[in-house]
Amino acid sequence: MINANARYPRALRRSLETDLTLYPVVAVMGARQVGKSTLCREIADKSGFAYCTLDSRDVLARAIEDPEGLLDDLGPDGAFIDEVQRAPRLFLAIKEIVDQDQRPGRYLLSGSNQPTIAGSVGDSLLGRAAYRILRPLTLSELRFDESHKGWSFLLTGSHQDVISELERRAAASGQLAWRDIVKTGGFPRVLAAPPDQRMRMLSDYAQVFASRDIREVIGIDSSDRFEAFLRLASSRIGQELNYSGLSQDLGVAVSTIRRWIDALGRSYLIELVPSYSRNAGQRVIKSPKLFMVDSALAMAAARESEPSGFHLENMVASDLAVWKDSAPGRGIHHWRLASGQEVDFVLEEHGRLLPLEVKSGVDVGSDEARHLRHFRKTHANATRGLLLSSDPEIRLLKDEIVSAPWWAVL
């Protein structure tokens, strides 16, 4: 499935092209090396936009010292500016131009961390800009599918309709080994490397972020301590975030751990999945669950040689995040009661719920679905539950629980 020389399609492309017909400014955010520059450059070239990148020292100096002059040089007919977060004053200059002429498609921006973007573009361009997140390649993109078919079909329709769609998708995909997919990951540059070098490249990615890139987000006194934090956090994917536990293990203040977690979020390297609670009579564990933006990066950062079931769950979480971002009215949560019942994910769309359990094994059945049944009994708007595993058989278990292989959805 992996072609080192391939140009994989990006499902976000259509949304960005539409956004450029609606908004004066479109900002594409995401972790470094997920393919933002490549995708935006292709769209910019097709649209006839001018181009500059603030990775260039000369361009960056111009953007800092004379942002109005830089924008004037780029011209009035659209421009793509890469790594725009490096020059805060540029945002106010863009705002002045957009306020005078709010034609759609004036500027396409990209950035790899939030602080400057949120503080400048978010405040100065409110109502004038669309913000989209580009994540590592999804499994559907690795199959050269230009659309992300997503999860919505699971929340509507009859059980038979859902099973028929799962069967169709499973047949189109073919059976897959989740360990191979996890170790492959979705960073385009890493995919272009020989398989035996990919983990080393991802480990280097984590090290460079901890020693250099993080300084663009927050001030760090000790990059070695932050790198230890990043590697420890990467080893705890799929688990509830425990600030105190990380603080004790690393010997740093809880407030510092919170600041570092926030920095990882602002750099699009982690996803925090909040808890779900709509029943006042239940004692729900309220801590979010921690996931990395990419399962292979999580493995490499944690220096783990073999994936675990948590990495499969992380892969599902990454795909769910793309689905959530694709349309309004969607949410992703996890659910755990103080009495011990828990569900890996709860999908929400327009008032409907889908509890989801992810198992790495092949031999699954009603016992693995017991917490899904408990969730459905206490939430009337959960039409069914979904048990994803490596079992290739698609079937309806008792109490409206659908069992299916994970590759039938992703």
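So that you can scan it fast, the table gives a plain yes or no per residue for (1) of a type outside the set (S, T, N, Q); (2) part of a loop (DSSP other than H, G, I, E, B):
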position: L347; (1), (2): yes, no
position: P355; (1), (2): yes, no
position: S360; (1), (2): no, yes
position: D363; (1), (2): yes, yes
position: R370; (1), (2): yes, no
position: F375; (1), (2): yes, no
position: L387; (1), (2): yes, no
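Screening R395 against (1) at pLDDT 95 or above; (2) within 13 Å of L154 (Cβ to Cβ) leaves a single unmet condition, (2).
The condition (being farther than 22 Å from K324 by Cβ, surrounded by fewer than 19 Cβ atoms within 10 Å (Cβ to Cβ), modelled with pLDDT of 95 or more and of a type in the set (S, T, Y)) is satisfied by just one residue among S152, S164: S164. Listed conditions (1) open to solvent by 20 Å² or more (accessible area, probe 1.4 Å); (2) assigned to a loop (DSSP other than H, G, I, E, B) are all met by L410, apart from (1).
Within region 167-176, is there a residue that is acidic (D, E), in contact with a Pro (Cβ under 9 Å, 6 or more places away or on another chain) and at pLDDT 95 or above? So far as region 167-176 goes, no, none of its residues is acidic (D, E), in contact with a Pro (Cβ under 9 Å, 6 or more places away or on another chain) and at pLDDT 95 or above. A93 satisfies every condition listed in (1) at pLDDT below 90; (2) surrounded by 18 or more Cβ atoms within 10 Å (Cβ to Cβ); (3) more than 10 Å from P24 (Cβ to Cβ) except (1). When R336, R303 are screened for being at pLDDT below 95 and under 27 Å from F229 (Cβ atoms), only R336 passes. Of all residues in region 361-395, those that are of a type in the set (S, T, Y) and buried (at least 19 other Cβ atoms within 10 Å of the Cβ) total 2. Count of region 67-89 residues, restricted to those that are at pLDDT below 90 and either touching a Pro at 6+ places or on another chain (Cβ under 6 Å) or surrounded by 23 or more Cβ atoms within 10 Å (Cβ to Cβ) (or both), is 2. Of all the criteria given as (1) surrounded by fewer than 19 Cβ atoms within 10 Å (Cβ to Cβ); (2) within 29 Å of L139 (Cα to Cα); (3) among the polar types (S, T, N, Q), the one not satisfied by T184 is (1). Every condition in (1) assigned to a loop (DSSP other than H, G, I, E, B); (2) surrounded by fewer than 21 Cβ atoms within 10 Å (Cβ to Cβ) holds for R62 except the one numbered (1). Test L109 against the criterion of being in contact with a Cys (Cβ under 9 Å, 6 or more places away or on another chain) and either buried (at least 20 other Cβ atoms within 10 Å of the Cβ) or in a helix (DSSP H, G or I) (or both), and give yes or no. In short, yes. Each residue in region 190-203 was checked for being surrounded by 14 or more Cβ atoms within 10 Å (Cβ to Cβ), farther than 23 Å from E313 by Cβ and charged (D, E, K, R), and 0 of them qualify.
For region 144-180, the tally of residues that are of a type in the set (A, V, I, L, M) and in contact with a helix residue (DSSP H, G or I) (Cβ under 7 Å, 6 or more places away or on another chain) stands at 5. Can we say R14 is closer than 30 Å to A210 by Cα and either surrounded by fewer than 20 Cβ atoms within 10 Å (Cβ to Cβ) or touching a residue at least 24 places away in the same chain (Cβ under 8 Å) (or both)? The answer is no for R14. Before we move on, is Q239 of a type outside the set (D, E, K, R) and free of Cβ contacts under 8 Å to residues at least 24 places away in the same chain? Spelling it out, it is not the case that Q239 is of a type outside the set (D, E, K, R) and free of Cβ contacts under 8 Å to residues at least 24 places away in the same chain.
The values are calculated or read from the model by the stated rules, or taken from the named source; none is laboratory data. The model shown is predicted, which means the values in this text are computed figures rather than measured ones. Glycine also receives a Cβ, built like all others from the backbone with ideal geometry; neighbour counts cover every protein chain displayed. For the accessible areas, the whole protein counts, side chains as well, though only heavy atoms, and no ligand, DNA or RNA atoms are used. Shrake-Rupley method; radii C 1.70, N 1.55, O 1.52, S 1.80 Å.
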